Amino acid sequence: MKKLLLFLSFLLFNSFLSFAAEEPNPVLDINGEEIRPGVEYHVVSLFWGAGGGGVTYGKGPGNEICPLAVVQEPSDRNRGHPVTFTPVNPEEGVVRVSTDLNIKFAEPPIINFCRGSNVWKVHFNEALEQHFVLTDGVEGNSGCETEANWFKIEAIGSLGYKLVYCPAVCDSSSEAICKDVGIYYDDDRTRRLALSDQPFLVVFIKKSEDILKSVTST
């Protein structure tokens, strides 16, 4: 009996270790702290200067009024509008890499003529033959009908992260798009978030915090 209990304990322990080893790493903000669902963060360019600033609201592609698009501030002095992240598993207390999640602006635009949601989604613009990141998506309710609303965060070495559109919430979708989220330049040089072969490299800054806590605490 003791041998059986020891054997079962061994199996449970190894199963726990295997599960822990397979769990994706947490996404970290610029201060090295784990990103939490529901907490507000600025998504800003990894590269300062010409790399531009944070993400914010913008007019739709082709001067469409609604829904509003997700664009990047041209100046690195502007952090844009903060966002929140919601993992596909609502019980998850940490945002992890390679995991489906919703992204939404935490605040409405200053001037808003649209009644849609602040949730990000991917939409194909037939005139421009390009997939853009827009607002008016649906939060939660994972499945084929909400496939356009799910993104992932992937680590880029130890430097930063990239946003990816490669949803795994629809088992029957064998032709799902898998692409990085990059920057598409309009004729007027508006920086639009769009699916691209060149990723937009980013870091995450917690709202109302200094870039590095260690600088202010020393």
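The values are calculated or read from the model by the stated rules, or taken from the named source; none is laboratory data. Just so it is clear, the model here is predicted, and its values are computed rather than measured. Neighbour counts run over all protein chains shown; Cβ positions are idealised from the backbone, glycine included.
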- Query: Assuming Asp136 fulfils every condition listed in (1) surrounded by fewer than 20 Cβ atoms within 10 Å (Cβ to Cβ); (2) assigned to a strand (DSSP E or B) apart from one, which condition is it?
  - Reply: (2)
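Determine if segment 110-121 includes at least one residue that is in a helix (DSSP H, G or I), of a type in the set (Gly, Ala, Ser) and more than 26 Å from Glu23 (Cα to Cα).
Taking segment 110-121 first, the residues in a helix (DSSP H, G or I) are none.
Taking every residue of segment 110-121 in turn, none turns out to be in a helix (DSSP H, G or I), of a type in the set (Gly, Ala, Ser) and more than 26 Å from Glu23 (Cα to Cα).
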- Regarding Thr190, is this residue closer than 18 Å to Cys66 by Cβ, of a type in the set (S, T, N, Q) and within 14 Å of the chain's Cα centre (by Cα)? no
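Whether any residue in segment 129-143 is small (Gly, Ala, Ser) and on the phi > 0 side of the Ramachandran plot is what I want to check.
Yes, the conditions are met somewhere in segment 129-143.
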- Query: Taking interchain pairs and intrachain pairs at least six residues apart, which have beta carbon atoms under 6 angstrom, with the first residue in segment 199-210 and modelled with pLDDT under 95 and the second not aromatic (Phe, Trp, Tyr)?
  - Reply: Lys207/Glu40; Lys207/Pro82; Asp210/Thr216
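Per-residue answers, yes or no, for (1) in contact (Cβ under 8 Å) with a residue 40 or more places away in the chain; (2) closer than 11 Å to Thr135 by Cα:
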residue: Ile65; (1), (2): yes, no
residue: Ala69; (1), (2): yes, yes
residue: Arg79; (1), (2): yes, no
residue: Arg96; (1), (2): yes, no
residue: Leu101; (1), (2): yes, no
residue: Ala106; (1), (2): yes, no
residue: Ile111; (1), (2): no, no
residue: Ser117; (1), (2): no, yes
- Residue count for segment 31-59, restricted to those that are over 15 Å from the mean Cα position of the chain (by Cα) and in a loop (DSSP other than H, G, I, E, B): 8
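Name the residue that is nearest to Tyr184 (Cα to Cα), counting only residues in segment 60-104 that are polar (S, T, N, Q) and assigned to a loop (DSSP other than H, G, I, E, B). Let's see the steps before the verdict.
Step one: filter segment 60-104 for residues polar (S, T, N, Q), giving 63, 72, 75, 78, 84, 86, 89, 98-99, 102.
Now restrict to residues that are assigned to a loop (DSSP other than H, G, I, E, B): 75, 78, 89, 98-99.
Numbers: Ser75: 16, Asn78: 19, Asn89: 31, Ser98: 23, Thr99: 25 Å.
The extreme case among them is Ser75.
Condition check ((1) crowded, with 17+ Cβ neighbours inside 10 Å; (2) modelled with pLDDT of 95 or more) across all residues:
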position: Pro24; (1), (2): no, no
position: Gly52; (1), (2): yes, no
position: Val55; (1), (2): yes, yes
position: Gly60; (1), (2): yes, no
position: Lys121; (1), (2): yes, yes
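Can you tell me which residue is surrounded by the most Cβ atoms within 10 Å (Cβ to Cβ) among those in segment 139-181 that are assigned to a loop (DSSP other than H, G, I, E, B) and of a type in the set (Val, Ile, Thr)? Outline the logic, then answer.
Initially, segment 139-181 is screened for residues assigned to a loop (DSSP other than H, G, I, E, B), giving 139-143, 150, 157-159, 166-178.
After this cut, where a residue has to be of a type in the set (Val, Ile, Thr) as well, the list is 169, 177.
Working: Val169: 17, Ile177: 14.
Selected residue: Val169.
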- Query: Quick check: anything in segment 83-92 charged (D, E, K, R) and surrounded by 14 or more Cβ atoms within 10 Å (Cβ to Cβ)?
  - Reply: yes
